[in-house]
Amino acid sequence: MNPPPPNEHEGEPPSAQKLRQEYEAGATVQELVAMSGLPYGTVLNRLREAGTVMRTSWQTRRMRDGQQARARLAARLRTLYETHGATLGELAAAAGKSKPAARRLLVEAGGTVRSTRQTIQIRSAGSRAKRAKLAAWLRVRYEAGATVPELAQECNYSTATVYRLLRQAHTPMRPQHHHGPATHTRKQP
């Protein structure tokens with residue numbers, strides 16, 4: 001049974017080229033019939049008039065699955081980019097695509113491309129937070145009695161880095177102990 005013809009006030013039925021565009025974008029003939037209000041045979045004839053290469057139902061399913069997979073990949077890349085601060089190069093590696101292709105996918109998912117400076121700011125904010133957390137942890141350990149060389153060895157940092165992190169955490173420092181021979185020698189009378 002064919003659907004009822006469109007109302008007069010709805011306008012003209014879609015042209016053969018419009019039907020072809022919709023079909024090539026993934027619409028099925030049944031969907032075009034429902035959208036246009038034209039009979040099934042008329043839609044097929046108009047598609048053929050426009051030179052449309054017809055596909056089988058399994059080709060339509062494969063095409064749609066490909067579009068859905070692309071949409072899922074684009075959404076995943078957007079999450080990596082916006083939430084985790086990934087670069088376009090990292091997105092390309094994650095997707096197995098080139099940088100321009102990763103950029104297109106990001107834009108398709110509604111993401112906005114950052115400048116290099118913005119990416120650096122995002123990444124440095126994360127590293128600053130990690131360093132502040134490490135500095136606070138070092139301060140707690142230092143105030144509990146650990147020495148700077150012990151902390152440096154424990155964290156696999158140089159003693160200069162540990163001192164810098166302790167100063168960053170505003171740690172009150174203990175006086176340094178000088179071990180070894182005295183630097184003063186008594187004068188002989």
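From the residues in segment 99-156 that are aliphatic (A, V, I, L, M) and not in a helix (DSSP H, G or I), which one is least open to solvent (accessible area, probe 1.4 Å)?
The qualifying residue least open to solvent (accessible area, probe 1.4 Å) is Ala146.
Considering only residues of segment 32-56 that are open to solvent by 80 Å² or more (accessible area, probe 1.4 Å) and within 40 Å of the chain's Cα centre (by Cα), which is nearest to Glu12 (Cα to Cα)?
Ranking the candidates gives Met35 first.
Please name all residue pairs, on different chains or six or more residues apart, with Cβ atoms under 6 Å, provided the first residue is in segment 101-123 and is polar (S, T, N, Q) and the second residue is surrounded by 14 or more Cβ atoms within 10 Å (Cβ to Cβ).
Thr119/Thr87
With the structure loaded, tell me whether Arg62 is basic (Lys, Arg), in a helix (DSSP H, G or I) and out of contact with any Cys (no Cβ under 7 Å at 6 or more places or on another chain) or whether it fails that test.
In short, yes.
Among the residues that make up segment 79-97, is at least one of them under 17 Å from Gly26 (Cα atoms), in a helix (DSSP H, G or I), open to solvent by 60 Å² or more (accessible area, probe 1.4 Å) and among the small types (Gly, Ala, Ser)?
So far as segment 79-97 goes, no, none of its residues is under 17 Å from Gly26 (Cα atoms), in a helix (DSSP H, G or I), open to solvent by 60 Å² or more (accessible area, probe 1.4 Å) and among the small types (Gly, Ala, Ser).
Inside segment 61-78, can you point out the residues that are under 10 Å from the mean Cα position of the chain (by Cα) and open to solvent by 90 Å² or more (accessible area, probe 1.4 Å)?
Arg76
So the check is Cβ under 9 Å with 6+ separation or different chains; which pairs have a first residue in segment 151-173 that's of a type in the set (D, E, K, R) and a second one that's surrounded by fewer than 14 Cβ atoms within 10 Å (Cβ to Cβ) and in a helix (DSSP H, G or I)?
Matching pairs, first to second residue: none at all.
Taking segment 32-59 as the search range and keeping residues that are assigned to a loop (DSSP other than H, G, I, E, B) and of a type in the set (S, T, N, Q), which one is modelled with the lowest pLDDT?
Thr56
The values are calculated or read from the model by the stated rules, or taken from the named source; none is laboratory data. Keep in mind it's a predicted model, so treat the numbers as computed, not measured. Here Cβ is always computed from backbone atoms with ideal geometry, including for glycine, and neighbour counts include all displayed protein chains. Side chains included, ligands, DNA and RNA excluded: accessible areas come from the protein's heavy atoms. Shrake-Rupley method; radii C 1.70, N 1.55, O 1.52, S 1.80 Å.
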